[in-house]
Each structure stands twice: as structure tokens, then as C-alpha cells.
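Enquirer: Can you read through this structure? Questions will come right after.
The values are calculated or read from the model by the stated rules, or taken from the named source; none is laboratory data. Quick caveat: nothing in here was measured; it's all calculated off a predicted structure. Methodologically, a virtual Cβ is constructed for each residue, glycine included, from the backbone with ideal geometry; neighbour enumeration extends over all protein chains shown.
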Amino acid sequence: MNENIKNAYKLNNSHSQSGFTLMEAMLAFSVICTIFAFFPLVMNVFYEKKSDGLNQKEVELFLNQAGKEIREAKALNETWRKLEMINRNGETVTYERYGALIRRQVNGMGHEVMLQNVEGFSFSVSGEQVEISISGKDGNRLKRVFSSRNTVLLQ
């Protein structure tokens, strides 16, 4: 009889203990969640596009906008660091370099960033032509000449 009890005890203890407990499953899940949480940050480091130069699409958009405003301006005023235009509505539109940006203001208010990563911004008004020159931090230089018909040059 004593032998039967020993055999029954061996049967009960011979079960495999290789399964997961709830605590182990929660720990594994939290490790996986932590890895997935940091995955976008790690990918951003590897695929981050570091550009200190002028973006070609931004430059084209800026030049198109500036050209349209120059053509439609009633009057132009060239100051030391600013190009001021008076539009049809009587508003004064100003383009100026502000740090590494070119910004646009209307009546001296607002801060509309037109172009980023700018190293140099210059312009010259002569007769009916306005020449805008831009140089980026990467060394790229662009120059464009616009016609300003029906415009008065203010001094």
C-alpha cells in the first residue's frame, strides 16, 4: 500500500513545468511593448534627412510668390535690408531676412516664413526690374530678375 502512495505521488509530480505563468507573459509583453515604443525613435536617427541647404521646391514657391507680388505692386521701396511693396489694396508687403529665414509681413505685422536655411538675401531695384539673389547655407546661389511694370519706385 505504501508503494501505491509513492507511485501516485510520482504521477502527480511528473507533470511538465514548461508552461508560461501569467507573470511571465506580462513581463514578455511589456518588453515587446518597450521595444516597439523605441523603434520609431531609432529609425528616425538612421533615416533623418539633415539638410542645411535650400529646398528647391521652397525656393521656386518663394520666387513665384515674390514675382507675383512684385508684378502686381503699385509701388516699390528698397531699404537697407527690406523690400517693401504697396499692393492694390494699399497694404505694405515686406520681404526681409530674419536670421536664417526670409519672412513676409503685411503692414508690419505677422511672421510668415517664406524660405529657410538662407545664408544671404539681397535685392536691387532698377527701373522696372527687381533682381533677387538668394544664397543657402550649403553654398547654392540663385538669382532671378522680375519685371515690375506700372510700379513707382519710392525713395
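Enquirer: Which of the residues that make up segment 36-46 are loosely packed, with under 10 Cβ neighbours inside 10 Å and either among the aliphatic types (A, V, I, L, M) or touching a Phe, Trp or Tyr at 6+ places or on another chain (Cβ under 8 Å) (or both)?
Expert: Scanning segment 36-46 gives Ala37, Leu41, Val45.
Enquirer: Something else now. Among what's in segment 47-68 and is within 18 Å of Leu101 (Cβ to Cβ) and buried (at least 17 other Cβ atoms within 10 Å of the Cβ), pick the residue that is modelled with the lowest pLDDT.
Expert: Leu54
Enquirer: If you take the residues of segment 92-119 that are touching a Ser or Thr at 6+ places or on another chain (Cβ under 8 Å) and closer than 17 Å to Ala73 by Cβ, which of them is surrounded by the fewest Cβ atoms within 10 Å (Cβ to Cβ)?
Expert: Gly108
Enquirer: Could you please tell me which pairs satisfy a Cβ distance under 8 Å, a separation of 6+ or placement on different chains, a first residue in segment 99-117 that is of a type in the set (Gly, Ala, Ser), and a second residue that is surrounded by 10 or more Cβ atoms within 10 Å (Cβ to Cβ) and outside any strand (DSSP E or B)?
Expert: Ala100/Gln116; Ala100/Asn117; Ala100/Lys137
Enquirer: Right, another one. So how many residues does segment 69-126 have that are of a type in the set (D, E, K, R) and closer than 24 Å to Gly53 by Cβ?
Expert: 7
Enquirer: Right, here's the next one. Quick one: would you say Glu78 is under 14 Å from Val130 (Cβ atoms), at pLDDT 90 or above and out of contact with any helix residue (DSSP H, G or I) (no Cβ under 7 Å at 6 or more places or on another chain)?
Expert: Judged against the criteria, Glu78 is not a match.
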